[in-house]
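Chemist: I'd like to ask some things about the structure below.
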Amino acid sequence: MLNRSLVLALFCSQILLVQACSSGSGVHNASDGSINTGGSTSSSGGVMAMGGKTSQAGGNTDAGDAGLSPGNDSGLPNTNTDSGDAALAPGNDGGLPNTNTDAGDAGLAPGDDSGLPNTNTDSGDTALAPGDDSGVKDAPPGGDTDRADTDVGIDRPNTDGAFSRRIVETGTTFPPSTDGTWLMVDYDGDGVPDLVFIKTSNTDTAKAEVHIASAASNFQTRILETGTTFPPSTDGTWLMVDYDGDGVPDLVFIKTSNTDTAKAEVHIASAASNFQTRILETGTTFPPSTDGTWLMLDYDGDGVPDLVFIKTSNTDTAKAEVHIASAASDFQTRILETGTTFPPSTDGTWLMVDYDGDHIPDLVFIKTSNTDTAKAEVHIASAASSFQTRILETGTTFPPSTDGTWLMLDYDGDHIPDLVFIKTSNTDTAKAEVHIASARP
């Protein structure tokens with residue numbers, strides 16, 4: 001009996017020991033000595049914003065950037081001293097430009113490669129002349145890979161009959177004029193692009209002026225008229241884009257001639273300050289030039305507009321070329337340089353918009369003279385093909401014309417860019433006119 005009792009006691013003690021071990025909360029990880037208490041540890045992994053930027057009110061002081069001469073405003077004072085917005089003379093309509101003052105690419109001597117490093121070896125892309133370094137990249141570096149997906153729920157149009165149906169034709173509050181740049185951007189935040197006239201010569205305020213008529217009023221009511229921090233100038237390209245991320249388009253002057261830095265320069269005044277405070281002033285990687293079109297748009301998908309130069313004459317590739325410098329680098333680093341499917345041409349307007357819905361801006365050539373169809377024509381090469389494949393070529397409802405500004409933007413809210421002609425001379429209404437053709441047949 002004693003032996004049985006001893007055996008039974010030993011057996012019970014073994015059971016209790018096993019239960020105690022199995023019910024313990026700490027499990028030892030032999031590989032790293034850590035104790036898992038039963039919960040999972042999630043790595044928070046903070047994300048670094050590649051496109052983040054520091055606003056600069058008095059000029060860029062980045063040692064890597066081309067600095068502006070002290071006290072010289074290149075037509076751009078470093079700080080705004082206006083006590084308020086420059087008032088317009090009563091009844092003044094601000095005059096209007098008939099064409100964009102785009103001053104294109106850096107003017108390079110024949111055979112010069114515009115300082116473009118040769119980084120592309122893709123044999124499938126447009127070949128570059130020996131020694132030329134225009135480089136071709138097949139996708140935007142550092143961009144969101146999800147951008148290749150098409151917009152969910154958006155029915156892309158049948159391209160047959162695109163831009164054959166006019167959806168807006170109206171005179172506006174503005175008289176015809178050639179004294180500045182015409183644009184359309186959503187300034188008032190209602191989701192519909194408003195009509196913008198940036199007056200850059202013959203101004204009443206001795207400043208470059210911004211005049212905006214709302215789309216909600218069919219461009220009959222002016223919702224902003226102001227002088228800006230910038231003096232009048234025709235030495236570059238005037239644009240409006242949201243640079244500081246507050247949802248309101250800022251005023252951009254890309255100075256492409258008579259610069260202090262011997263580089264093309266970017267100067268930006270914030271919409272939040274009513275265009276009185278400069279938040280960026282910097283020289284860029286590009287030399288000054290008038291051989292193409294300058295734009296600002298988000299190519300790499302970081303949410304900040306990059307600097308684009310579409311070179312359309314004196315190119316090294318015998319093709320129209322696209323050169324892009326990233327906003328993340330303060331426009332010091334080129335992230336794309338490529339010849340395209342298009343030959344060089346000055347017979348129209350060059351733009352970049354996302355037409356195919358992959359969230360990357362495609363290359364657009366709106367041909368407005370010497371067309372084969374006796375109509376203004378739209379030709380688009382996809383960004384997905386590094387601008388080697390044309391995805392649309394069509395005549396439109398409009399006759400060829402050089403009497404205004406051609407744009408592409410989504411006016412009707414279907415997420416597909418429509419064709420816009422802002423007629424600013426030889427109009428039937430004695431006013432600047434807006435004519436829009438839908439991307440959908």
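Chemist: Heavy-atom accessible area of E169 with all protein chains present, probe 1.4 Å, nearest 10 Å²?
Modeler: The value for E169 is about 100 Å².
Chemist: A follow-up question, please. Listed here are the pairs K255/K311; K255/K319; K207/K431; which of them are more than 20 Å apart at the Cα?
Modeler: Violating the 20 Å Cα-Cα cut-off are K255/K319; K207/K431.
Chemist: What is region 197-260 by shape, rounded, prolate or oblate, if you read a ≥ b ≥ c off the alpha carbon gyration tensor as root eigenvalues and call it rounded for a/c under 1.5, prolate for a/b larger than b/c, and oblate otherwise?
Modeler: Oblate, because a/c is 1.5 or more while a/b does not exceed b/c.
Chemist: Just the accessible area per residue of region 294-429, please: how many Å² with a 1.4 Å probe?
Modeler: For region 294-429, the solvent-accessible area averages 29 Å² per residue.
Chemist: What figure in square angstrom, to the nearest 10, would you give for the accessible area of D188 with a 1.4 Å probe?
Modeler: 70
Chemist: Can I ask one more? Short version: ³J(HN,Hα) in whole Hz for each residue of region 183-196, in order, from phi by Karplus 6.51 cos²θ - 1.76 cosθ + 1.60 (θ = phi - 60°), x for Gly and Pro, what are they?
Modeler: 9, 9, 9, 7, 8, 8, x, 8, x, 10, x, 8, 8, 10
Chemist: Below 8 Å, C-alpha to C-alpha, sequence gap of six or more: please give me the relative contact order for region 376-437 in percent.
Modeler: On the way: 96 pairs, mean separation 13.9, N = 62.
Averaging sequence separation for qualifying contacts and normalising by length gives 22 percent for region 376-437.
Chemist: Distance from a point 7 Å along Cα→Cβ of D190 to each backbone N in region 223-249: keep the residues under 13 Å and list them by number.
Modeler: 223-224
Chemist: Another one. If you roll a 1.4 Å probe over region 183-261 with all protein chains in place, what percent of the accessible area is carbon or sulfur?
Modeler: 43
Chemist: Here is a further query. With +1 on the Cβ of every Lys and Arg and -1 on the Cβ of every Asp and Glu, and nothing else charged, how large is the dipole of region 300-428 about its Cα centre, in debye rounded to the nearest 20? Mind dumping the intermediate values first?
Modeler: Numbers: 7 positive and 21 negative charges, 100 e Å.
The calculation lands at about 480 debye.
Chemist: Mind pulling up the Rg/Rh value for region 187-325? Radius of gyration and Kirkwood radius, both on Cα.
Modeler: Radius of gyration over Kirkwood radius for region 187-325 works out to 0.98.
Chemist: Along the charge dipole of region 295-441, pointing to its positive end and built from +1/-1 on Cβ of Lys, Arg, Asp and Glu, which listed residue (H415, Q388, T371) has its Cα farthest out?
Modeler: Ranked along the dipole, the leading option is T371.
Chemist: Right, next: Can you give me the long-range amide H partners of D330? Hydrogens built in the peptide plane at 1.01 Å from N, cutoff under 5 Å, separation of 5 or more residues or another chain.
Modeler: It is none; the list stays empty.
Chemist: Now for a separate question. Along the charge dipole of region 151-243, which of S217, N202, M240 sits closest to the positive end, that is, farthest toward it, with unit charges on the beta carbon of Lys, Arg, Asp and Glu (+1, +1, -1, -1)?
Modeler: N202
Chemist: If you don't mind, another one. Across region 433-441, in residue order, what do the Karplus-derived ³J(HN,Hα) couplings come to in whole Hz, using 6.51 cos²θ - 1.76 cosθ + 1.60 with θ = phi - 60° and x for Gly and Pro?
Modeler: 10, 10, 10, 10, 10, 6, 5, 8, x
Chemist: Using the Karplus equation 6.51 cos²θ - 1.76 cosθ + 1.60 (θ = phi - 60°), what ³J(HN,Hα) coupling, rounded to whole Hz, does each residue of region 294-300 give in order, writing x for Gly and Pro?
Modeler: Taking θ as phi minus 60°, the curve returns 9, 9, 9, 7, 7, 8, 8 Hz for region 294-300.
The values are calculated or read from the model by the stated rules, or taken from the named source; none is laboratory data. All of these numbers come straight from a predicted model, not from anything done at the bench. Neighbour counts run over all protein chains shown; Cβ positions are idealised from the backbone, glycine included. Note: accessible area is taken over every heavy atom of the protein model, side chains too, but ligands, DNA and RNA are not part of it. Shrake-Rupley method; radii C 1.70, N 1.55, O 1.52, S 1.80 Å.
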